[in-house]
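Comments concern the structure below.
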Amino acid sequence: MDFYQKEAQEVIAELMTDEDRGLSSSEHIKRTQSYGKNVFTPKPKERLFIKVLENLKEPLIIILLISGVISLMMGHLPDGLGIFAAVLIATSISVIQEGKSDKAFEALAKLSEDVRVKVVRDHQIIHVPQSELTIGDIIHLETGEKVPADSRIVHCSNLGINESMLTGEAESVTKKSNRIDRENCPLAERTNMLFSGTMVIEGRAIAVVTAIGDQTEMGKIAEELKEELTSQTPLQQKLADLGKKISIIGSIVAAGIFVFELYLMYRQGLLVLNNLGSALPGIKDAFVTSVALIVAAVPEGLPTMVAITLAFNMQKMANNNALVRKLIACETIGSVNVICSDKTGTLTENKMTVVEAWCTGSETSVNQLNCPELLENFCLNTTADIAHKDHQLIFLGNPTECSLLVCSETNDINYREYRKKYGEPVAEYNFTSARKMMSTAYEMGDGYRFYTKGSPEKVLDICDRILLNHGVVPMTQDDKDKIEAAIKELQDKALRVLAFAYTDFTNEPQWEDIYKVEKNLIFTGFVGIEDPLRGDVKEAIDQCRRAGIKVKILTGDNLNTAKAIADQLGIIESDSLVFEVTEIEAMSDQELRSKLDKIVVIARSNPTAKMRVVKLLRENNASVVVTGDGINDAPALKAADVGVAMGITGTEVSKEASDIVLLDDSFSTIVKAIKWGRGIYENFQRFIQFQLTVNVVAFITVILAEIIGYKMPFTTLQLLWVNIIMDGPPALSLGLEPPREHLLEKQPIKRNASIVTKDMLFKIVSNGLFIVGALILLMKTQILGGRDAQQTTIVFTAFVLFQLWNAFNCREFGTKSIFPNIHRNMVMVGIVFLTFLVQIIVTQFGGQVFKTVPLEWYLWLRIIGFTLSIIVFGEIVKLFMRIYKRFSFN
């Protein structure tokens, strides 16, 4: 049985302590040795060497390392060093981005700094550091203090606790000492328990410590943050899969070429088993060619391109109020298909607001409350305050009472002037769970005025009159029925309803007897209070729906409030499921996994439940974003594919556990980030399509030349050169393509989908075969003219220019022409032009190294015209595809 299910005195007896005496000094020492200090156990630091080693295990990195070693062994120093430089850049960026778990844990630990706490020891109340508390300590808490450890309330008076950082619920929780009979009671409804890290916003309490350090609810969150999550993001999985395929195909083709070269040498009598020495030069050439093909097959520029593209887009996203803390999150957020969102502070403003009002007999505008008695009740029957700082409204005290003060200001009433005018109250009756009301009395003129506010049904029960436009009249049953119907209408909208009443006394009553004073009141009216939706959330949710992204609300609020918000957002459909966390906890993983697709709301959610939902969604191949601002959100933020924290209202713990921080706390910024992420993913596809086309052309051209019996069309150094320049600036510039407008109209990319689509594969093969055919034509004929000595140079130069112009084909997917958006990435146009100039220099002046001969200007013009045919070919193919699609739909 949990402590909340037991009477306070039972808990004290079970923990072998005493309310008046507290623990003795010797008992405290003994328990500290047994239970430890009231601190979180730090996470062991991982050595830098281990982090580097883990990053070097990526399949693509392994292939690059092998290729680099082979290149150095073959004497190709520039290429080998270039490959190692790419590995160094990619690995360094990854290592630098590691360790967010450590930072999140450290931020959480800061919340337990050694503040001093009032505790009973040896019959005396003394101050001790928070870290020295132990189980069984009797602690005293007052307004403004932080709860130092999980505790069972023994006594309390008008106790209000802000638990939003733990439960996510905006409204303060009224606490009491009574035991709770309900089993498996949600954390947010354990009203006789105090939790470490929460704040006392009003009242006072005496409590007995039941859990410290790692065993507290906050400590459990800290433990979740220490767990290592080894699962990869969708992009990492796809790049790993691509790396494996490239290594397998490249190795098979290279081995095939090597064996074929040896076979030709054998047929020509150059390879004789008893005289291998004479064949060594030919064997070495065959091996070098094979190695060159392997190196050409591996996109060395991919890790660098990924890092540069993500870094560039990270700055762009920051300009759009999305601060990216982990580079890979730039792309990963584009592939999400589920958003698990907190409600308070994310979908709503986290500011309780009066949105409906009823007074003097009818509904009225909250901005035009022409009822002095009601406004006086707002201002005088409260202990709250509000402040303005840097154009921000700050609530000081109970959020509900603060919302009433804001409403009074909206009606041009300065509550401070009211308080100054009427002075100190002559009597105050704090809110209790039994009365569910709060009352305050003031001396006014020749008598006294008594204000009451609280639960509508309780206030109505003590009223026998009602204030209408023409004055105070007796309350009839019809009046009550009308009021109750109007109240129910607001409650059905999940608004919190507060009713107000007052009365006047000519003679001073006996204030000590509340039940004689708090009766026969005049009913003034009532208000509906809510935490309103953010202005841009509805449109953002609609954009998510069009983009194929499901939104689920995981909140600490009660079921009715959460469901009402979901209804307002339009995310509840006829077959949607809405649960409280206790129902989720009763399900097996298999049962919950089968229902996850239909679940849209989980109320009274806790950190463990959020973590479980996120993990099961990912097991269902969903890509998940989690949003939140509280400490309770931190484990789920860390477990998600992308954790998104609020930058303004978010706790430091939630920010450190996240991948992206929203600088404006706007849900719509997530949608903008998704668009950027999808654009980044397309840029990676553009690069891969471009690079694989280069590989296909190199492979097939070399293979066909060997089979047909032509001389090797490219030298090893020429292949390496093409590999370097095609992996370099032209390919990297494809990563700078701005996101297209259609991206939010597409369905999300499935987590297990290949990064190489059918459309990409078709274009790689079709454009590759076209280029191969053109190169074979150049090898077989002298169609472009030139001397015999110039033919190999013409073929090599044509190969380079075909790939340069094909980069423009790779900018667009599907049937879209390259020309409408050609001006949107002028950096690429400039880079391609500069690369072309470099190729001219290599051809004209690099003969000694690259085995080329200079070409006349007219040959250059012919080669340019001939190679530009790849763009014409690509546009013709797209034209036929558009025509085919048009006819197939008709």
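Each value in this text was obtained by applying a stated rule to the coordinates, not by laboratory testing. Fair warning: this is a prediction, and the values are worked out from it, not measured in the lab. Glycine gets a Cβ as well: all are built from the backbone with ideal geometry, and neighbour counts include every protein chain shown.
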Helix 857-867 versus the longest principal axis of the chain: what is the Cα-based angle in degrees, 0 to 90, to the nearest 10? 60
5 angstrom amide H check on GLU580, placed H, neighbours 5+ away: ALA603
Label-to-label distance, nm, for residues given as ARG179 and GLN844 (7 Å Cα→Cβ offset): 9.5
Which length gain, in nm to one decimal place, applies between LEU280 and GLU10 when the Cα-Cα distance is subtracted from 0.36 nm times their residue separation? 88.2 nm
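Taking the Cα centre as origin and putting +1 on Lys and Arg beta-carbons and -1 on Asp and Glu beta-carbons, what dipole magnitude results for the chain, to the nearest 20 debye? Display every interim value, and only then the final one.
Values: 93 positive and 106 negative charges, 1004 e Å.
In debye, rounded to 20, the chain gives about 4820.
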In range of the label at MET587: residues from the stretch 318-358 whose backbone nitrogen is under 17 Å from the point 7 Å along Cα→Cβ: 338-341
Multiply the residue separation of GLU223 and PHE833 by 0.36 nm, subtract the distance between their alpha-carbon atoms, and state the gained length in nm to one decimal. 214.1 nm
Centre separation in Å (Cα based) which lies between the stretch 761-811 and the stretch 686-707: 11
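Please give the FRET efficiency for LEU65 paired with ILE248, using the beta carbon to beta carbon distance and R0 = 22 Å, rounded to the nearest 0.05.
Values: r = 17 Å, r/R0 = 0.76.
So, using R0 = 22 Å, E works out to roughly 0.85.
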Label-point gap, in nm, between VAL872 and ARG204 - each point 7 angstrom along Cα→Cβ: 9.3
Find how much the distance from GLN510 to ILE29 grows on full extension, using 0.36 nm per residue of separation minus their present alpha carbon separation; answer in nm with one decimal. 168.1 nm
Report, in whole Å, the centroid distance computed from the Cα atoms of the stretch 643-684 and the stretch 8-34. 47
Treat every Asp and Glu Cβ in the stretch 353-530 as -1 and every Lys and Arg Cβ as +1, leave all other atoms uncharged, and give the resulting dipole magnitude about the Cα centre to the nearest 20 debye. 220
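Give me the percent relative contact order of the stretch 353-530, please, defined on Cα pairs under 8 angstrom at least 6 residues apart. Don't jump to the answer; show the numbers that get you there.
Working: 326 pairs, mean separation 46.3, N = 178.
Averaging sequence separation for qualifying contacts and normalising by length gives 26 percent for the stretch 353-530.
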Show me, for the stretch 809-814, the HN-Hα J-couplings you get by feeding each phi into the Karplus relation (A = 6.51, B = -1.76, C = 1.60, θ = phi - 60°), rounded to Hz, glycine and proline as x. 4, 6, 6, 10, 9, x
Charge dipole of the chain about the Cα centre (unit charges at C-beta), most positive-ward option of THR191, ALA255, GLN689: ALA255
At 7 Å along Cα-to-Cβ for each site, give me the label-to-label distance between ASN821 and LYS746 in nm. 0.8
Of the candidates TYR710, ASN319, ALA673, the farthest towards the positive dipole end of the chain (Lys/Arg Cβ +1, Asp/Glu Cβ -1, centred on the Cα centre) is TYR710
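Given R₀ = 25 Å, FRET efficiency for TRP857-ILE707 by Cβ-Cβ distance, to 0.05? Please report the intermediate quantities before stating the final value.
Values: r = 35 Å, r/R0 = 1.41.
So the FRET efficiency works out to roughly 0.10.
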Projected onto the charge dipole of the stretch 353-530 (+1 at Lys/Arg Cβ, -1 at Asp/Glu Cβ, origin at the Cα centre), which of PHE500, CYS359, GLY454 gives the Cα projection farthest towards the positive end? GLY454
For the stretch 495-562, what's the relative contact order in percent, using C-alpha pairs closer than 8 Å and at least 6 residues apart? 35
Note on the chain: contact order normalised by length, alpha-carbon pairs under 8 Å, 6 or more apart, percent, works out to 13
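What 222 nm value per residue comes from the helices of the chain, counting each DSSP H run with n ≥ 4 as -39,500 (n - 2.57) and dividing by all residues, nearest 500 deg cm²/dmol? Each step should come with its number before you reach the end.
Numbers: 34 runs with 436 residues, N = 890.
Helices in the chain give a 222 nm mean residue ellipticity of -15500 deg cm²/dmol.
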Greater than 21 Å apart at Cα, pairs in LYS458/LYS519; LYS343/LYS538; LYS538/LYS672; LYS672/LYS746; LYS220/LYS610; LYS30/LYS176: LYS30/LYS176
Please list, in order along the stretch 382-390, the HN-Hα scalar couplings obtained from phi with the Karplus expression 6.51 cos²θ - 1.76 cosθ + 1.60 (θ = phi - 60°), rounded to whole Hz, x for Gly and Pro. 6, 10, 8, 9, 10, 9, 10, 9, 6
So what's the gap between the Cα centers of the stretch 496-564 and the stretch 827-868, to the nearest angstrom? 74
Sorted by chain and number, the residues with a modelled amide H under 5 Å from that of ARG121, at a separation of 5 or more or across chains, are ILE126
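Estimate the FRET efficiency between VAL473 and ILE125 by the formula 1/(1 + (r/R0)^6), using the beta-carbon distance for r and 35 Å for R0, to the nearest 0.05.
0.05
Do any trypsin sites (Lys or Arg not before Pro) in the stretch 543-599 lie in a loop, going by DSSP, with at most 13 other beta-carbon atoms within 10 Å of their beta carbon, and if so which? Each step should come with its number before you reach the end.
On the way: sites: ARG545, ARG546, LYS550, LYS552, LYS563, ARG593, LYS595, LYS598; in loops: LYS598.
Qualifying residues, ordered by number: LYS598.
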In terms of modelled amide H atoms, which long-range or inter-chain residues lie less than 5 Å from the amide H of THR364? ALA357, TRP358, CYS359
Nearest 10 degrees, 0 to 90: helix 77-97 Cα axis against the chain principal axis: 10
List ILE514, ILE708 from most exposed to least, where exposure is judged by having the fewest other Cβ atoms within 10 Å. ILE708, ILE514
For the stretch 516-527, Karplus-derived ³J(HN,Hα) couplings (6.51, -1.76, 1.60; θ = phi - 60°; whole Hz; x for glycine and proline) come out as 8, 8, 8, 7, 6, 8, 9, 6, 9, x, 8, 10
